[in-house]
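**Student:** First the structure, which I've put down as structure tokens, then a few questions once you've had a look.
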């Protein structure tokens, strides 16, 4: 089993694959020691068993331009399983997102295979085969790659051909192919992969409430993101998440105050990085309060919390009835938003999700629908006005 290591060989492989209506794609990468994932291997296959290829992006004599051209070809559907990290790699390589796109994990959720179904399970169920996972966590950057690694890598795209064909057939039969298109629109949006340092604070803000704390977090998180990107190291190598939260809460303004924080390494406060942190804290404290986002109040308490619990039961019932994974219909955050407002701007109140679940959720919330047990299964039924009552009344 040979690796493609030259541009000419890659161009020939991509030309063969471009003649097919779809191509399955996977990548192997490392990102434990870097900010950006390090691409170590590309796997591709077409519906013809002879068209399966392994590409070595680390080879000295190779340009990935033919691969990028194939990823941009509008006439070839690119099929991935759990595509997001693979798409991030392609975006980082060439500032493009493969399209048209088909993610078999999302498709399987629409087809009722549960939340975040694994590739191995789909191969077992749809391709009637088993994947040898023993090479999954090996070092893909070391050369030469072993036969076991190459066999495992190739199986990630050869079995995917059958998985894709079976899922596509199910979606077409059920009339739900358009549902998948909405999901693919998010995955193919460039902003999904643009790591803007100015938005880095959003990952951690859930622990904070005071505007001053949020303002400081915005500055130090943005600083850390830029540092990690410029040095191509993981965020945690610059500063741990807990340290950022401590800095936002304590807002140290002197070297001594910075050094007293337990989450800051010893001596860190007197380094150049320590000075950068203090400058970021000052920028945060100097921020105009009007520029600090107003945080939503904590959800899920009191009456709203009870509504959320009812909506969870409804979601599970609808998902079971329709054969769709609950996660793709609505998230817990969306349920909390619906509990607070009938006009919540969430996906579950739009498009096919609204028809499937959202309108029932609003009806349940407003007392027009009720949940009943019929033969051990939860069902949604209209509620006559005459039997409406308030549990809070005695």
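**Student:** Tell me the label-point distance for the pair residue 132, residue 16, using the 7 Å Cα-to-Cβ offset, in nm and rounded to one decimal.
**Tutor:** Going by the 7 Å Cα→Cβ label model, 2.3 nm.
**Student:** Going by C-beta contacts inside 10 Å, put 44, 68, 109 in order with the fewest on the left.
**Tutor:** In increasing order of surrounding Cβ atoms, one gets 68, 109, 44.
**Student:** Now for a different question. Out of 57, 37, 265, any idea which swings most in a Gaussian network model of the chain, alpha carbons joined below 10 Å?
**Tutor:** Sorting by GNM fluctuation, first place goes to 265.
**Student:** Here's a follow-up. Can you give the helix-only mean residue ellipticity at 222 nm for the chain, where every DSSP H stretch with n ≥ 4 adds -39500 (n - 2.57) and the sum goes over all residues, rounded to the nearest 500 deg cm²/dmol?
**Tutor:** For the chain, the value works out to -13500 deg cm²/dmol.
**Student:** Here's a follow-up. Can you give the relative contact order of the chain as a percent, counting alpha carbon pairs under 8 Å and 6+ residues apart?
**Tutor:** Rounded, it is 13 percent for the chain.
**Student:** If you take the square roots of the eigenvalues of the alpha-carbon gyration tensor of the chain and sort them as a ≥ b ≥ c, do you get rounded (a/c under 1.5), prolate (a/b over b/c) or oblate?
**Tutor:** It comes out oblate by the Cα gyration axes.
**Student:** If you restrict to DSSP beta bridges whose two residues both lie in the chain, what percentage is antiparallel, to the nearest 5?
**Tutor:** 70
**Student:** Sticking with this structure for a sec: Just rank 20, 81, fewest to most, by other beta-carbon atoms within 10 angstrom.
**Tutor:** Ranking 20, 81 by Cβ neighbours within 10 Å, fewest first, gives 20, 81.
**Student:** Shifting gears a bit: Mind sorting 360, 212 by how few other Cβ atoms lie within 10 Å of their own Cβ, fewest first?
**Tutor:** 212, 360
**Student:** Continuing with this model, one more query. Taking the chain as a Gaussian network, where each spring joins two C-alpha atoms under 10 Å apart, which residue of 294, 313, 281 fluctuates the most?
**Tutor:** Largest GNM mean-square fluctuation: 294.
**Student:** Could you work out the relative contact order of segment 302-387? I mean the mean sequence separation of Cα pairs under 8 Å and 6+ apart, divided by the number of residues, in percent.
**Tutor:** In percent, rounded to a whole number, it is 26.
**Student:** Under the definition of Cα pairs under 8 Å and six or more residues apart, what whole-number percent is the relative contact order of segment 7-192?
**Tutor:** 24
Computed from the coordinates by the stated procedures, all read-outs in this text should not be read as laboratory data. All values reported here derive from a predicted model rather than from experimental measurement. Virtual Cβ from ideal backbone geometry, glycine too; neighbours counted across all protein chains shown.
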